[in-house]
Amino acid sequence: MLISTDGIVLKTKPVGNDDHVYTLLTREKGVITAFARNRQKISRGMGSALELFTYSNFVLFQSKDRYSINTASSNKIFFGIRSDIEKVSLASYLSELLIELAPEEGEDPNDYARLFLNCLSMLETGKRSVLFIKPLFELRLMAMAGYMPDLLGCSVCGKSEGKSLSFLPSSGSLLCQDCMAQATGQLAIQLSPGELAAMRHIIYAPMEKLFSFALPDEALKRLSSIAETYIYHQLDKTFTTLEFYHTLL
Ligand SMILES: [Zn+2]
């Protein structure tokens, strides 16, 4: 069966002489792996469409749950990312997170594709920095994938404002200073009002307003570390692409 779908190349791996296996985030089928045979032969018009992070239209041959790429043509090539090692390394990490948290059967992969494409565009044009995009993507993706933290208020007394709210990565909830005794040995990270406001925005804002907030670089770095800690506690997993990203900083 032939299907046509738009999608983003998340990962490529050579197999054998001239064959490649691709991991794609498609709008129709979510995250899939697909083979391309004899890439040299079919690369005319297809070469750039199969580069990392390119957004392309794919015609796929599907046999049960196996896919092979018949043709591909690029919709959007993010040249401004490819030429910047820091942006490439961040995009690689975001891709690995997407593969890990891929939309399940029955979920709409479009929101995932839209989030990733918007982040790639912001990175490419430099409208938002690497420091800004990283925690935004991490927290938003986690929320979309079923790991939404509860940032409305203290999980015990409901207090929602003030300087003394802390975030608990293991439960994804908040505790105020008065209720901190409930934390019982869990890691609790105290949030500044600005950091909490930014986290709430990232989690709860509609997609069209998602990129409309500002935070100083120092606070973005803290947010980035909080997001990583949250992911680590929730998924119990480390990412090699993230380790590489850190070596660049
Ligand atoms: Zn409380």
* Asked: About the Cα centre of region 2-76, what is the dipole size in debye to 20, counting +1 per Lys and Arg Cβ and -1 per Asp and Glu Cβ, all else neutral?
  -> 60
* What percent does the relative contact order of region 2-76 come to when contacts are Cα pairs within less than 8 Å and at least six residues apart? -> 33
* To do: Place a +1 charge on the Cβ of each Lys and Arg in region 57-113 and a -1 charge on the Cβ of each Asp and Glu, then give the dipole magnitude about the Cα centre in debye, rounded to the nearest 20.
  => 460
* Asked: Where nothing but the Cβ of Lys and Arg (+1) and of Asp and Glu (-1) is charged, how large is the charge dipole of the chain around its Cα centre, in debye to the nearest 20?
  -> 640
* To do: Please tell me the relative contact order of region 79-176 in percent, rounded to the nearest whole number, where contacts are Cα pairs under 8 Å and at least six residues apart.
  => 22
* Burial ordering of Met199, Met1, fewest other beta-carbon atoms within 10 Å first -> Met1, Met199
* Sort region 163-218 into rounded, prolate or oblate with this rule: let a ≥ b ≥ c be the square roots of the eigenvalues of the Cα gyration tensor; rounded if a/c is under 1.5, and if a/c is not under 1.5, prolate when a/b is larger than b/c, oblate otherwise. => prolate
* Order of Cys179, Cys119 - criterion: other Cβ atoms within 10 Å of each residue's Cβ, fewest first -> Cys179, Cys119
* Using a 10 angstrom cutoff on alpha carbons, build the Gaussian network for the chain and name the most mobile of Glu161, Glu51, Glu195. => Glu161
* What Kirkwood hydrodynamic radius do you get for the chain when you take the inverse of the mean 1/r over all pairs of distinct Cα atoms, in Å? -> 19.4
* Qualifying trypsin sites (Lys or Arg not before Pro) for region 74-142 [loop in DSSP, other Cβ within 10 Å: at most 12] -> Lys127
* **Unit charges at the beta carbon, dipole of the chain: most positive-side option, Phe53, Ile231, Pro109** => Phe53
* Please identify the helices of the chain, taking whole runs of DSSP H, that span at least 15 Å along their own axis as judged from the Cα atoms and have a mean Kyte-Doolittle score of 0.0 or higher. => 85-100, 110-125, 130-144, 193-204
* Structure fact -> Restricting to lysines and to Cα separations under 22 Å from Lys134, and discarding same-chain partners fewer than 8 apart, the set is Lys11, Lys76, Lys87, Lys209, Lys221, Lys237
* Over the chain, calculate the relative contact order: mean separation of alpha carbon pairs under 8 Å at least 6 apart, over the residue count, as a percent. => 15
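FYI, it's all coordinate maths here, none of it is from the lab. What you see is a predicted model; the values in this text were computed from it and never measured. Neighbour counts run over all protein chains shown; Cβ positions are idealised from the backbone, glycine included.
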